[in-house]
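Peer 1: Below is a structure I'd like to ask you about.
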Amino acid sequence: MSVPVLAVEQLSVSLAGRPVLREISFTIEPGEFTGLIGSNGAGKTTLLRAILGLRSRASTSSGQVLLDGRPRARRNPLIGYVPQRVTLDPDVPLRARDLVALGLDGHRPGFALPSRRRHAQVQEMLEAVGGGAFADARVGELSGGEQQRVLLAHALLGRPRLLLLDEPLAGLDLRSVGEVVALIARVAAEHRLAVLISAHEINPLMPVMDRILYLAGGRAVHGTVEEVVRGDVLTGLYGHPVDVLHVHGRVLVVAEVGGGTGPAAAPAGVEVLS
Amino acid sequence: MTATGALVASGFFSSPAVGTALVIGAAVALVSGPLGVFTVIRGQSFAGEALGDIGMSGGSGAYLAGVGPLWGFLVAGVAAAALMELLGVQRRRGRDLATGVVLGSGLGLAALFLYLNSTEHGADVTMTVLFGSLFTVDRSTLPLVLVLALLVLLALGAIARPLLLASTSPELAAARGVPVALVGAAYLVALSLSVALCAITIGSILSTALLVGPAAASLRLARRPGRAMAVAAALGVAATWLGVLLAYDSYDWPPHHRGWPVSFFVVALVLVEYMLCGLIGGRRRAPHPAPDTAPPAALGG
């Protein structure tokens, strides 16, 4: 069996003394597409940052993160990272192709001299993500979907083997969501890239996910969609009754809220968790 | 009288004060323009302004101690930068607060020093410290200005790429292994040195105009970072040189034929540049319809 490109073992992270992740363990095989699902505040970003080795102030962690079977180094060419939307002023003099080029050598000192090879690499990657048309537009002037494409090209230029994407679908309209998911899946297949992508909704990722890592209350379950997205499994994870409904080909994870069982006797209702 | 004669008053090129002013002005503009581009990108204009204002305490303190004002601007600037860094100027949330706290204490010190200068030494240096006086800068300051300018330019060149990435997205930079905090601190030191250089040119209070003005103007024209830095440097040099020229000419102007302050002309020219660049940039960007939102072709009937 091949060595997993990412192995997380017994990872726990606390932020300012508050436990955010508790003993998370999972592996990602080369070329595997994993959806990291959980509601806001479930710890998705914390997990991605821990994998990257980025530490926030007042955070403590235990456990191990292995990349290709080895502990990670400070700078990891193995990992490509797409953070949540970059907020830039339209005035900032940075074209899409400049931001992509920084994916090649942005960590190096000095400034880049014009090079035909560098230009060709950037152009090729921009066209691979469908960004050729706005290569010379300022990043701050691009739409959310266009920015995601630019960030994707930036991350891919370092030739990573694992791609981490933090909520790339947040704030996109429905059409862009479908396009961006299809693009990520296509690029991942072409480059034989493993993908870990966080989202608070399952459905857009359904067609492309090999495995799912479902996060709630600092704990996680990991497996195929059939193994994880089940009422009994998610009830165990959440610690209270959760139903999985199939409606018009979509999956809804719902929980009963209120109804007089809790301390605040709110009117009974149903909350869609993902 | 020739055309040049009408524009350039006689003696302009032979005056040693003018020569010094032109060289210092150019050196300072060449540094502050490119650095200012990062100041604007990082949204740290307020920090730059504060460093300039705090420079007042250094400049006035230097006169009290009997040393050159540039030394005062330098010491105050670097000390203020260090204090701001310590109080959290790099964190987006605490930035304005840290800057404001340091700014307040710096201004208080300046008030004391300016007062002591006038009461103890009988010399009112307020105008010179606050608004500058490029023609009276001592020629012996020139080597220090040139060395500092070169130093800041070299440092900026060395950290340009990681600084650009970190200024765009600290997350992206950190993920690529850029020591974001260290790069930010290095930039802040470079900023404080550059502000000190601006202060000796056009005064501590006006220093931001030369730091942020040409950079802001260049951002309305240039699309890419390298070009923005080059344009900012060129605009800065143009404003200082033309400012020196007009100030020299103004010795023939009313009301007293004593000359208007150089700083006034430089700052006014920077404003003109900013507005001109806005006009040119706006005109260039206006006709830009997205290809797939073109109006539907008119249908017959």
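Peer 1: Name the single residue, out of those in segment B:6-42 being among the hydroxyl-bearing types (S, T, Y) and in a loop (DSSP other than H, G, I, E, B), that is modelled with the highest pLDDT.
Peer 2: Taking the candidates together, the pick is B:S15.
Peer 1: Residue check: is B:T128 within 14 Å of another protein chain (Cβ to nearest Cβ), under 22 Å from the mean Cα position of the chain (by Cα) and of a type in the set (S, T, N, Q)?
Peer 2: Judged against the criteria, B:T128 is not a match.
Peer 1: Okay, moving on. Determine whether B:A79 is over 17 Å from the mean Cα position of the chain (by Cα), under 28 Å from B:V183 (Cα atoms), without any contact (Cβ under 8 Å) to a residue 40 or more places away in the chain and surrounded by 14 or more Cβ atoms within 10 Å (Cβ to Cβ).
Peer 2: So B:A79 passes the test.
Peer 1: In segment B:166-185, which residues are in a loop (DSSP other than H, G, I, E, B) and more than 7 Å from chain A (Cβ to nearest Cβ)?
Peer 2: Passing the criteria: only B:P179.
Peer 1: Is it the case that some residue within segment A:1-19 is surrounded by fewer than 19 Cβ atoms within 10 Å (Cβ to Cβ) and either in the same structural domain as A:L252 (by TED's automatic domain parsing) or in contact with a helix residue (DSSP H, G or I) (Cβ under 9 Å, 6 or more places away or on another chain) (or both)?
Peer 2: Yes, that holds for at least one residue.
Peer 1: From B:L146, B:L154, B:L191, B:L163, grab the single residue that is away from chain A (no Cβ under 14 Å) and more than 12 Å from the chain's Cα centre (by Cα). I'd like the intermediate steps shown before the answer.
Peer 2: Details: B:L154 fails: away from chain A (no Cβ under 14 Å); B:L191 fails: more than 12 Å from the chain's Cα centre (by Cα); B:L163 fails: away from chain A (no Cβ under 14 Å).
So the residue among B:L146, B:L154, B:L191, B:L163 that is away from chain A (no Cβ under 14 Å) and more than 12 Å from the chain's Cα centre (by Cα) is B:L146.
Peer 1: While we're here: Given the structure, is A:A135 at pLDDT 90 or above, more than 10 Å from chain B (Cβ to nearest Cβ), within 17 Å of the chain's Cα centre (by Cα) and buried (at least 17 other Cβ atoms within 10 Å of the Cβ)?
Peer 2: Working: at pLDDT 90 or above: yes; more than 10 Å from chain B (Cβ to nearest Cβ): yes; within 17 Å of the chain's Cα centre (by Cα): no; buried (at least 17 other Cβ atoms within 10 Å of the Cβ): yes.
Against the criterion (at pLDDT 90 or above, more than 10 Å from chain B (Cβ to nearest Cβ), within 17 Å of the chain's Cα centre (by Cα) and buried (at least 17 other Cβ atoms within 10 Å of the Cβ)), A:A135 does not qualify.
Every residue, every condition in (1) more than 22 Å from B:I41 (Cβ to Cβ); (2) buried (at least 18 other Cβ atoms within 10 Å of the Cβ); (3) out of contact with any Cys (no Cβ under 9 Å at 6 or more places or on another chain); (4) at pLDDT 90 or above, yes or no:
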{"residue": "A:V92", "(1), (2), (3), (4)": "no, yes, yes, no"}
{"residue": "A:R95", "(1), (2), (3), (4)": "no, yes, yes, yes"}
{"residue": "A:L99", "(1), (2), (3), (4)": "no, yes, yes, yes"}
{"residue": "A:H107", "(1), (2), (3), (4)": "no, yes, yes, no"}
{"residue": "A:G110", "(1), (2), (3), (4)": "no, no, yes, no"}
{"residue": "A:L113", "(1), (2), (3), (4)": "no, no, yes, no"}
{"residue": "A:R116", "(1), (2), (3), (4)": "yes, no, yes, no"}
{"residue": "A:A120", "(1), (2), (3), (4)": "yes, no, yes, yes"}
{"residue": "A:G131", "(1), (2), (3), (4)": "no, yes, yes, no"}
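Peer 1: Just one of B:R227, B:R223 is outside any helix (DSSP H, G or I) and within 24 Å of B:A160 (Cα to Cα); which is it?
Peer 2: B:R223
Peer 1: Just a yes or no: is a residue in segment A:160-176 without any contact (Cβ under 8 Å) to a residue 24 or more places away in the chain and over 30 Å from A:S39 (Cα atoms)?
Peer 2: Checking segment A:160-176: not a single residue is without any contact (Cβ under 8 Å) to a residue 24 or more places away in the chain and over 30 Å from A:S39 (Cα atoms).
Peer 1: Go through segment A:101-115 and give me each residue that's at the interface with another protein chain (Cβ under 8 Å from one of its Cβ atoms) and among the aliphatic types (A, V, I, L, M).
Peer 2: A:L102, A:A112
Peer 1: Still on this structure: When you go through B:G43, B:G25, B:G68, B:G19 one by one, which is the residue that is closer than 15 Å to B:T240 by Cα, surrounded by fewer than 24 Cβ atoms within 10 Å (Cβ to Cβ) and not acidic (D, E)? Break it down into steps so the answer makes sense when it comes.
Peer 2: On the way: B:G43 fails: closer than 15 Å to B:T240 by Cα; B:G25 fails: surrounded by fewer than 24 Cβ atoms within 10 Å (Cβ to Cβ); B:G68 fails: closer than 15 Å to B:T240 by Cα.
It is B:G19.
Peer 1: Could you check segment A:23-57 and list, in sequence order, the residues that are touching a Phe, Trp or Tyr at 6+ places or on another chain (Cβ under 7 Å) and closer than 29 Å to A:V242 by Cα?
Peer 2: Matches in segment A:23-57: A:I37, A:G38.
Residue-by-condition table, conditions (1) modelled with pLDDT of 85 or more; (2) assigned to a loop (DSSP other than H, G, I, E, B):
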{"position": "B:F73", "(1), (2)": "yes, no"}
{"position": "B:A79", "(1), (2)": "yes, no"}
{"position": "B:M84", "(1), (2)": "no, no"}
{"position": "B:V89", "(1), (2)": "no, yes"}
{"position": "B:R93", "(1), (2)": "no, yes"}
{"position": "B:T99", "(1), (2)": "no, no"}
{"position": "B:S105", "(1), (2)": "yes, no"}
{"position": "B:L116", "(1), (2)": "yes, no"}
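Peer 1: Inspect all residues belonging to segment B:186-209 and state whether any of them is in a helix (DSSP H, G or I) and more than 26 Å from B:V78 (Cα to Cα).
Peer 2: No, because not a single residue in segment B:186-209 is in a helix (DSSP H, G or I) and more than 26 Å from B:V78 (Cα to Cα).
Peer 1: Every residue in segment A:54-81 that is modelled with pLDDT of 85 or more and at the interface with chain B (Cβ under 9 Å from one of its Cβ atoms), please.
Peer 2: Those that are modelled with pLDDT of 85 or more and at the interface with chain B (Cβ under 9 Å from one of its Cβ atoms): A:I79, A:G80, A:Y81.
The values are calculated or read from the model by the stated rules, or taken from the named source; none is laboratory data. Owing to the predicted nature of the structure, the values given are computational and were not obtained by experimental measurement. With ideal geometry, Cβ positions are generated from the backbone for all residues, glycine too; neighbour counts draw on all protein chains shown.
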